[in-house]
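Structure, as C-alpha cells:
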Amino acid sequence: MPIDPAHVWDGVPAEVPTLLTIDLDAIVANWRHLHSLAAPGVEVAAVVKADGYGLGAEPVAQALAAAGCRRFFVAHLDEAIRLRPHLAHGDIAVLNGLLPGTGRLMLAERLIPVLNSREQVREWLDLAAELGGTPAAILQVDTGMNRLGLPLADFAALIAQPEVQTYPWRAVISHLACADEPDHPLNALQRDRFLQVRAALPGVPAALAASSGIFLGPDYHADFLRPGVALYGVNPCPGQPNPMQQVVHLSARILQCRSIDSGETVGYGAAHRSKGPAVIATVAVGYADGFLRSAGGMGAAYHGAIALPIVGRISMDLITLDATSLPEALRHAGTPVDLIGPHRTVDDVAADAKTIGYEILTALGSRYHRRHLGLPAMHPTYPWHGTGA
Ligand SMILES: *Cc1c(COP(=O)(O)O)cnc(C)c1O
C-alpha cells in the first residue's frame with residue numbers, strides 16, 4: 001500500500017519538525033518488478049552502498065532479504081562490516097575491491113571482495129592457497145568505463161592461467177557507462193566485450209546491468225541484475241514515464257507564518273520580491289539537510305494538492321514557501337507540507353536542483369526523523385516502526 005500523506009504524521013511526537021518516511025514495501029515491490037522484466041532464472045541482486053542510497057542499508061537489506069534477495073553490494077569494506085551482523089543470509093560484496101592486506105578481514109567478516117586488478121587477484125589467490133580453500137570472490141572486468149575493474153588485456157592475461165580459469169568465482173561483473181542513454185553506442189560495445197568475458201568463464205554467474213541497463217533489454221541481463229537507484233524509486237529511464245514505485249516521502253511542519261506586503265522581499269540576498277500581498281511559511285529543511293541550495297526559488301511544497309511555491313534562497317536550516325493559497329485556518333505552526341510526495345518526486349527535486357535523483361537521495365539529511373514502513377523485524381537503530389498501514 002503506498003504511503004498515505006494524510007497519515008504519515010500519525011503518532012509522531014509534536015517536537016519533530018521534519019519527517020522522512022521510507023516505504024520498504026515499495027522497495028520490495030520495485031525489486032519484484034525488476035525481477036519480472038527478466039527471463040526466469042535471472043536473479044536480482046541489490047546495491048545498498050552509501051547507506052542504501054541514503055535510506056538505511058540495514059532496513060533496506062533486511063526487507064529485500066525477507067523477499068528473497070541473496071546478493072548485496074556495497075562500496076566500502078566498512079559498509080560491509082557494518083551491514084553483516086544485520087543480514088543472516090546472503091552474499092555481501094565490496095565493489096571498491098580488496099585493499100592491500102584486508103583479505104583476512106574480508107574472510108573473518110564473511111564478505112566477498114570484488115577483485116579489480118591483477119594485484120588484487122594475485123593477493124586473493126595467494127591467500128586462498130595459504131588457507132587451502134577457494135573463498136568466494138568476484139571478478140570485475142572494465143569493458144569501457146575506465147574506472148574500476150580489470151582492463152580487458154589484464155583479464156586476458158589472467159584467464160590464461162589455469163588457477164584463474166578454474167577458480168570457482170562467485171561472479172564476474174562489469175558496469176555500463178551510458179545505460180541511461182539507450183542509443184549510446186558504448187552500450188552495445190560494452191555488452192559485446194562482456195559476452196567475450198563471459199565466454200571465457202563458463203558456468204560463472206555474470207552481471208552487467210545496473211538500474212538503467214535492465215531497461216536496455218534481455219541482451220544486457222546476463223545471469224543476475226545489479227540495480228540500486230531503481231529500487232529506491234528514482235526513474236531509471238530518464239525522459240520516459242517512471243516504471244518504479246515512489247519510496248520516499250519528506251514532510252515538514254510549518255514553523256511560522258507571516259503576512260508580507262507587495263514589494264517586500266524574502267530571505268538572504270532579498271532574492272525573492274513579492275508581487276502582491278502574500279503569506280510566507282517557513283519550514284525546517286535546508287541545505288544542511290541535503291535540500292540543495294541550487295534548488296532555491298524552484299518547485300513547490302504541497303499541502304494535499306495545494307502548491308506552496310518555494311520562494312527565495314534555501315538557507316542552511318530553513319526554506320520559505322509562498323503559502324498564500326493555503327486556507328487561512330491552516331496558516332499556522334504545525335501544518336504539514338510535503339517536500340517529496342505524491343505531487344513532487346525525487347526526480348522533480350533533482351531537476352530543480354540541476355542534479356540527478358541519486359544525489360538527492362544520498363544527500364537526505366541526518367537530522368530528519370526517519371520512519372521505515374514495512375520493516376520485517378525490529379531494529380534498534382530506528383525508533384519508529386510503522387506497520388505499513
Ligand atoms: C552503483 C553501482 C550499481 C548500481 O547502480 P544504479 O545505477 O544505482 O542501479 C551497480 N554496479 C556498480 C558497479 C555500481 O557502482
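Worth pointing out:
- Residues located in region 62-90, provided they are modelled with pLDDT under 95 and either within 16 Å of the chain's Cα centre (by Cα) or small (Gly, Ala, Ser) (or both): Ala88
- Every condition in (1) touching a Cys at 6+ places or on another chain (Cβ under 6 Å); (2) touching a residue at least 24 places away in the same chain (Cβ under 8 Å); (3) surrounded by fewer than 16 Cβ atoms within 10 Å (Cβ to Cβ) holds for Ala288 except the one numbered (1).
- Matching helices (runs of 4 or more DSSP H) fully within region 118-202 where at least 1 residues are under 25 Å from the mean Cα position of the chain (by Cα): 185-200
Residue-wise test of (1) modelled with pLDDT of 95 or more; (2) under 27 Å from Leu107 (Cα atoms); (3) surrounded by fewer than 21 Cβ atoms within 10 Å (Cβ to Cβ); (4) of a type in the set (Phe, Trp, Tyr).
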position	(1), (2), (3), (4)
Gly144	yes, no, yes, no
Gln165	yes, yes, yes, no
Ile173	yes, yes, no, no
His184	yes, no, yes, no
Ala199	yes, no, yes, no
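- A single member of Val279, Val283 is surrounded by 22 or more Cβ atoms within 10 Å (Cβ to Cβ) and either aliphatic (A, V, I, L, M) or away from the ligand (no atom under 16 Å from the Cβ) (or both), and it is Val283.
- Residue that is farthest from Asp192 (Cα to Cα) [pool: residues in region 120-160 that are within 16 Å of the ligand (Cβ to nearest atom) and aliphatic (A, V, I, L, M)]: Ala137
- Screening Ala177 against (1) more than 12 Å from the ligand (Cβ to nearest atom); (2) surrounded by fewer than 22 Cβ atoms within 10 Å (Cβ to Cβ); (3) closer than 22 Å to Ala46 by Cβ leaves a single unmet condition, (1).
- For region 225-239, the candidate set comprises residues that are small (Gly, Ala, Ser) and within 12 Å of the chain's Cα centre (by Cα); within that set, the residue that is farthest from the ligand (Cβ to nearest atom) is Gly233.
- Matching entry among Ala50, Ala61 (being in a helix (DSSP H, G or I), within 11 Å of Ile92 (Cβ to Cβ) and either within 16 Å of the ligand (Cβ to nearest atom) or not basic (Lys, Arg) (or both)): Ala61
The values are calculated or read from the model by the stated rules, or taken from the named source; none is laboratory data. Bear in mind that the values here come from a model prediction, so they are computed numbers and not experimental data. As a convention, Cβ positions derive from the backbone with ideal geometry for all residues, glycine included, and neighbour counts pool all protein chains shown.
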